[in-house]
Amino acid sequence: MAKHHFEDRLWHIMPPEHLNEWEREELIALIACFDRSLDDLILQQIAAIWPISTALCFSILEELEKTLQRIAPADVPEWVRRILQIFEAEGLRAARAFMEDADNIYFQRMRGQESLVFEEVAGRLLPYVRGLSSRNLQLEAGSSAATDTTTVFLPGEISVFADAKQNFLLYKLIATFQWVLIDKDLYCHKKADYPALCADVARHYSTTPASEEIYLTCFFNSFPHPEYAREVYCLLQAVRSASFLKEHLPGLMADLQGVFDYFASMECERQSSQPYDVVSGLRFWLLAVCLGSGKPEVSRETAEVIKAVESPQVTSLDVMKATFRLCTLHGGATPDSEFPAPFVFQGILQPAAAHRARLARREENRTQFVEALASLLLPAPEKSQGPPSEGEEGLSQQPLPDSGITLMQFEPDREEQSKESADEIRYIRLDDQDLDMPEDIQQLSRDITEDLGGIPSTYIDSARKMAGGGMAGRNGEAMEQSEEVSVGEKMYDEWDFRRQGFRKNWCYLIEKKITATKGSFVAATLEKYRGQIVQLKRQFEMMRTQHRFIKRQRDGDDVDIEALIEALGDARAGQAPSDRLFIRLLRDERDIATLFLVDMSSSTEGWVGNALKESLIILCEAMDSLGDRYAIYGFSGMRRTRNIIFHVKDFEETYTDEIRGRIAAIAPVDYTRMGAPIRHFTKILGQIDAKVRLLLILTDGKPEDYDDYKGEYAIEDTRHALIEAKSAGIHPFCITIDRQAQDYMAHMFGEINYAFINDVRKLPLRVPEIYRTLTS
Amino acid sequence: MATTAMESKSQKIEEHLIVEKPFYLVQKNELTIGLAAYKHGIPLLLKGPTGSGKTRFMQFLAWKLGRPLITVSCHDDLSTSDLVGRYLIRGGDTFWMDGPMTLAVRHGAICYLDEVVEARKDTTVVIHPLADDRRELAIEKRGELLTASPEFMLAVSYNPGYQSVLKDLKQSTRQRFIALELNYPEASLEVEIVSHEAGVDENIARSLVRIAGMTRGLKDSGLPEGASTRLLIHSGLLIKEGIPPREACRATITEALTDDSELNAAIDEMVSAVF
Ligand SMILES: Nc1ncnc2c1ncn2[C@@H]1O[C@H](COP(=O)(O)OP(=O)(O)O)[C@@H](O)[C@H]1O
Ligand SMILES: [Mg+2]
């Protein structure tokens, strides 16, 4: 292609008037060094990059030559696509870093190796990391490894090795390493005298001590070359973590030999000349620790400093001091020397993000602590044993705690101690009474003390206020009565996914009776589905047959030897012997108890509500011929203080006209707050003696309440309540009516635990059908 | 260990006496409380996850008290006759054979109902009069009413985390007992237990305990119960047999804990990180 022709095409993509002269020349010069056969390719790429960012376009062109030594021209578009993705997500710096990273995992994949992506490994690594840390850490994909102490970021893809197994091991190493860094307090969140050290450093270098909220940043900024101190600090922390891993997880480190060998060979390629500067020395030292091989030859003082951080007793303050030592030993680094990119498993230091995460956690701990303490201060709202008497009105009959509550803080001397050791806080004082702190509050106060050095008194004040206010609020709401009779109330926890814990006694649940109506609904339904009901009845009747041998029967297929012997014994001993001496094949031992829980939120108004009621009628007719025990309840909620469950039929009641009338009376009420009713009926079902206990929930979509019970929170609470039900030995199953299947359903209900119906008209017949498949 | 009347034709109480001191490392105050409960004739309720040492503790307590220990593993087919006793025939003659409960009451032994929630409620009602200050056992078929001697003790165990069938004890039952919670022992103690019981060295035991620790905090990730001390002992035994640790742990821990493939994979990763 002639040069002129090429330039014409270039200016066609990139109007020359958008560039100054210097840029134009630079661009031409950059492109000139490529083989002309690549012109088309380059022009295409420029066309893609140019509109996004001029600066990026230059950077890419600068890197392209080097890149072409590693990948085939055909892979360049893919490479550019990836850079643009990173640019759009994280900006120019990240995109440049991606291009400059010589080990860039991306190139290896281009060479056709077996790569792994984050999504493939997350399911396996998440419980692994949580098990390691005993904390609910999150995993997320990021451009490189890092952690903010709440979330561990892993590269979106790893393809360093030709073998997927090795790539996985590298993923595992990265995740493990980030956990260790958190565990080793990488960001210096533990209380220590950081300001004094920062002042020392500043004095030494005659810099102005940086006033920064984040100690680590403040520390780095006290050096003449903060980047250098930062590099040294990260490497020292890595050495410390690696030697901990060597001791703590030897299996992992042994598996990783091949991985470390690779890093070591790359490192040797990069740096063949000795003597090492500090950074190179540290890098080789780190690899030597990982490999368990001989340490690099660095000066004796340097070796001593590095060796010291390998000790298990070392704190992050010590690592900072070691950083200072190394920097002074080497009289300040050459500021313009470029550091090699950190090893991929080391990750990137993110003090600001960690600080934000810390503040968020602090706030979360505060809310959680205040709520937990407040609920501890409330008198137990749950009534003792025995059936609740009818006509009780909310909590108004319970003695309310009044201003008589004075919550003492920890005794003054005790508070002193608690600064030393978080374990001291074991109890709180309420008037003269010492209350034992439940384990969750103890854990919280340990976390808070570790963070702040003690429990701020404002936390306790808020808890007291909440305990007082909460009661008043609940009482006020409970006063409003509807014509239905309240038959009892209970408190239930609610799951808050953000804290991975419960809001204690959060939901106030009231049970009400439904008064049967006498309308034409029942008759009309029975008429409408007459044929189907007959058929269903027959089908259900067939299900009664279930084969099982039962012992001690009056007649049967075989002699029950055990019973016979006992009876003979009894007879000889002059006792009336039992005549139950046979084993029989039993047909009707369907030991199933099912609770149907019906959504009565206002969104069911109209077709859906009607179809739900029809389903119930048809179902009950069929159930009658089956003989399974079942109960029916409705639910609806309005804020956490007013979750109502409506009693339609309990397990003892038989299906009568009265019950038919109650079904007919089901009508939409408020919102859908599912957690509390599910928890309540999990408890009820738990008390039923049956082989199989089924909780069948009929709803019309997303859980949602008037307050903040929405979106992810509501979904997660519902999901958690269902998991609780399951682990209580109950089989929850949800039938949900919606126009189209939603993404959240499989997550909320669990993949195999729900059926989705998009045509309301099909519902009445689908419900019994689902019940049939579920129980046979 | 478990005895039902049908299995053991022997009614000899001596066989239930524990002569050799069982290996038991005290976790916290369980021994003091157990002894105090015995002294005052109050039955004992042991709560705790499976394999946390409840059975072993009872053996130790019985040995300490010098009383025979009769253990009944409860299941949902257990009948009142299985507990109290029944008439049997031998050589044309009938004779009454005491069930384990009766045997214990008569001889002032310790009767331990393991996993009591597994038994049907109508079976466990017989323990009610035994569990309060009447300390009586009615043998209806013989019209006999036994009053337990001061040496007799009733103990039951259940696992609050294991919520399969009738997950909870009724209040009316549980309020008769002194309750002791036996959780997994703390790490250093557990290391000692595992290395003693499996005969493996401390390093192996420590690694096993480390793995167990990782599996015990995964409730919210879908693993209701982590690896118990018992499982660790099993792993130790296999390792002692010369089976490579990773394989041993896969068989005794990973596969035993769950069938969920992702969790299995994660537990495998924990194992291979340690061994
Ligand atoms: N404190 C302990 N001291 C000695 N051995 C123990 C202790 N706790 C558990 N073990 C060991 O663990 C095994 C399982 O304990 P076991 O008593 O059978 O559990 P559980 O009855 O709670 O299910 C025992 O066989 C014993 O080897
Ligand atoms: Mg046991």
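The values are calculated or read from the model by the stated rules, or taken from the named source; none is laboratory data. Quick caveat, the model's predicted, so the values are computed rather than measured. Don't worry about glycine lacking a Cβ; one is built from the backbone with ideal geometry, like all the others, and counts go over all protein chains shown. What goes into the accessible areas is simple: the full protein's heavy atoms, side chains included, and nothing from ligands, DNA or RNA. Shrake-Rupley method; radii C 1.70, N 1.55, O 1.52, S 1.80 Å.
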When the charge dipole of the protein assembly as shown is computed with +1 at the Cβ of Lys and Arg and -1 at the Cβ of Asp and Glu, the Cα pointing farthest to the positive end, of A:ASN505, A:TRP607, B:LEU137, is that of B:LEU137
Under 5 Å between amide H atoms, partner at least 5 residues away or on a different chain: which partners does A:PHE161 have, H built in plane at 1.01 Å?
-> A:ASN167
For B:SER73, distant residues with modelled amide H under 5 Å away | B:THR3, B:ASP114
Hey, what do the phi angles of the range A:693-704 turn into as Karplus ³J(HN,Hα) couplings, whole Hz, using 6.51/-1.76/1.60 and θ = phi - 60°, x for Gly and Pro?
-> 10, 10, 10, 9, 9, 10, 9, 10, x, 4, x, 6
Taking the Cα centre of the protein assembly as shown as the origin and placing charges on Cβ (Lys, Arg +1; Asp, Glu -1), which of A:VAL692, A:MET543, B:PHE57 is farthest toward the positive end of the dipole?
-> A:MET543
In a Gaussian network model over chain B where Cα atoms closer than 10 Å are linked, find which of B:SER228, B:SER149, B:SER172 has the largest mean-square fluctuation.
-> B:SER172
When the solvent-accessible surface of protein heavy atoms is calculated with a 1.4 angstrom probe, in what order do A:GLU7, A:GLU269 fall, highest first?
-> A:GLU269, A:GLU7
At a 1.4 Å probe radius, carbon and sulfur cover how many percent of the accessible area of the protein assembly as shown?
-> 50
In order over the range A:127-137: 3J(HN,Hα) from phi, Karplus 6.51/-1.76/1.60, θ = phi - 60°, whole Hz, x for each Gly or Pro, gives x, 4, 5, 5, x, 4, 8, 6, 9, 8, 5
Going by alpha carbons, how many degrees (0 to 90, nearest 10) lie between the helix axis of B:261-274 and the longest principal axis of chain B?
-> 70
Here the range A:217-231 yields Karplus 3J(HN,Hα) values (6.51, -1.76, 1.60; θ = phi - 60°; whole Hz; Gly and Pro given as x) of 5, 4, 4, 4, 5, 7, 8, x, 10, x, 4, 5, 4, 4, 4
To the nearest 10 square angstrom, what accessible area does A:GLU140 show with a 1.4 Å probe?
-> 90
In what sequence, highest mean first, do A:313-321, A:635-643 appear when ranked by Cβ atoms within 10 angstrom?
-> A:635-643, A:313-321
Average partner chain C-beta neighbours within 10 Å, per residue of A:720-727?
-> 2
Distances over 27 Å make up what percent of all Cα-Cα pairs in the range A:230-375?
-> 31
Within the protein assembly as shown: Cβ-based charge dipole about Cα centre, in debye rounded to nearest 20 (Lys, Arg +1; Asp, Glu -1) = 2580
Can you pull a Stokes-Einstein diffusion coefficient for the range A:226-306 at 10 °C (1.306 mPa s), Rh from Kirkwood over Cα pairs, as a whole number of µm²/s?
-> 121
P(r) of chain B in 5 Å steps, Cα pairs, percent per bin?
-> 1, 6, 12, 15, 16, 14, 12, 10, 7, 4, 2, 1, 0, 0
Long-range amide H partners of A:THR594, meaning residues 5 or more apart or on another chain whose placed amide H is closer than 5 Å, are A:ARG629, A:TYR630, A:ALA631, A:LEU694
Computed over the protein assembly as shown, protein heavy atoms only, probe 1.4 angstrom, the accessible area per residue in square angstrom equals 45
Grab chain B and count how many Lys pairs have their alpha-carbon atoms under 24 Å apart, sequence gap of 8 or more, or different chains.
-> 29
Would you kindly work out the equivalent ellipsoid of the range B:176-275 from its C-alpha gyration tensor and give its semi-axes, the square roots of five times the eigenvalues, largest first in whole Å?
-> 21, 19, 11
Alpha carbon convex hull of the protein assembly as shown, projected area averaged over orientations, nm² | 55.2
Reachable lysines from A:LYS66, Cα under 24 Å, same-chain residues fewer than 8 places away excluded?
-> A:LYS3
Can you pull the mean other chain C-beta count within 10 Å for peptide A:560-573?
-> 5
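Under the rule of -39500 (n - 2.57) per DSSP H run of 4 or more residues, summed and divided by the residues of the protein assembly as shown, what mean residue ellipticity at 222 nm is obtained, to the nearest 500 deg cm²/dmol?
Details: 42 runs with 504 residues, N = 1051.
Value at 222 nm, helices only, nearest 500: -15000 deg cm²/dmol.
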Rank these by accessible area, largest first, 1.4 Å probe: A:TRP179, A:TRP11.
-> A:TRP11, A:TRP179
Could you tell me the total accessible area buried at the B-A interface, probe 1.4 Å, in square angstrom to the nearest hundred?
-> 3200
